[in-house]
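Structure record follows, encoded as structure tokens.
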Amino acid sequence: MARICNLALTRRDAVRQWWEDRGFSAEIRQRFLLGANKNGSEAVIPLWSRGRVAGLARRKLEGEPKYCNPEGEKPLFIPGPVGREIFLAEGYIDALAIAATGRSAIAVGGTNISGAQREELRKVLPEGGTIYILPDADESGAVAAREWGADFFPTTRVCQAHYEGGKDIADAFGALGTEKTAELIDRLMATSNDMIDIETEIAAEIQGGPRKRVAYAMER
């Protein structure tokens, strides 16, 4: 079915243009079997999971909700090989953009990571590997980044949500292209913080005196 939806792009100009506007060339679309639904109103994303397609997600070009996912437990979205440096993001398009630069990418499919997804991530993370979290540039993204960072500490580092004016790495990819997005990811990785640094900064800003700050630091 993923291949059929990919072939449908030859007849669905609006969806093909949507993918191109997001930075996904014909070569990248073919690599990940990105496609269109039969009436040309939705982009179709194969839900890759370590080399196989676990289902299809649909992304509306217009209207809400934007995404329609298959029913049942959602596996992690893993569009390519997993190396020692993994970039963890919220959205499928984010992960596709990261993978297009040649890096290991995993998407949760939102901000709420399930227990099954946590266990899956622990299994795929190689020994000595590092998870670099690329949060969306909003409050829910910041909260999710801290939660994921704490869940997988000490293997995690949180990148700053600086995407050249966009809200996520997918926006940056659409604006910058593959090569410049790769350079941006390198900069974000180089300036990333571990959870001890992040929690220490938060504790320092807590009002109420040293006791409250120490209590917060000890709890975290």
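The values are calculated or read from the model by the stated rules, or taken from the named source; none is laboratory data. Everything numeric here is computed off the predicted structure, so don't read it as measured data. Every residue, glycine among them, receives a Cβ derived from its backbone with ideal geometry; neighbour counts consider all protein chains shown. With ligands, DNA and RNA removed, areas are computed over all heavy atoms of the protein, side chains included. Shrake-Rupley method; radii C 1.70, N 1.55, O 1.52, S 1.80 Å.
For Glu85, the amide hydrogen comes within under 5 Å of the amide hydrogens of Thr130, counting only partners 5 or more places away or on other chains and with H modelled in the peptide plane.
Under a model in which nothing but the beta-carbon of Lys, Arg (+1) and Asp, Glu (-1) is charged, the chain shows a dipole of about 780 debye around its Cα centre. Across region 96-113, rounded Karplus estimates of 3J(HN,Hα) from the backbone phi angles (6.51 cos²θ - 1.76 cosθ + 1.60, θ = phi - 60°) give 5, 5, 5, 5, 5, 8, x, 9, 6, 9, 9, 10, 7, x, x, 9, 9, 8 Hz, Gly and Pro being marked x. Label positions at Glu64 and Ser41, each projected 7 Å from the Cα along the C-beta direction, are separated by 1.8 nm.
Report the antiparallel proportion of the DSSP beta bridges in region 1-114 as a percent, rounded to a multiple of 5.
70 percent
In nm, to one decimal, how far is the modelled label at Ser140 from the one at Met1, with both set 7 Å along Cα→Cβ? About 2.6 nm separates the two model spin labels.
By DSSP, the beta bridges lying fully in the chain are antiparallel in about 55 percent of cases. Computed from backbone phi, the HN-Hα couplings of region 15-21 come to 6, 4, 5, 4, 4, 5, 5 Hz, rounded to whole numbers (Karplus: 6.51 cos²θ - 1.76 cosθ + 1.60, θ = phi - 60°; Gly and Pro given as x). Alpha-carbon geometry of region 117-197: the Rg and the Dmax are 13.0, 35 Å, given in that order.
Say the cut-off is 22 Å between C-alpha atoms; which of Lys38/Lys60; Lys60/Lys167; Lys123/Lys180 go over it? Over 22 Å Cα-Cα: Lys123/Lys180. The figure for Glu27 is an accessible area of roughly 110 square angstrom, using a 1.4 Å probe on the protein chains alone. Amide H to amide H, with H built 1.01 Å from N, Gly177 comes under 5 Å of no residue 5 or more places away or on another chain.
Taking the average, over residues, of other Cβ atoms within 10 Å as the packing measure, peptides 37-49, 10-22, 57-69 rank 37-49, 10-22, 57-69 from highest down. 3J(HN,Hα) couplings calculated from phi for region 24-31 with the Karplus curve 6.51 cos²θ - 1.76 cosθ + 1.60 (θ = phi - 60°) are, in sequence order, 9, 5, 4, 5, 5, 4, 5, 4 Hz; Gly and Pro show x.
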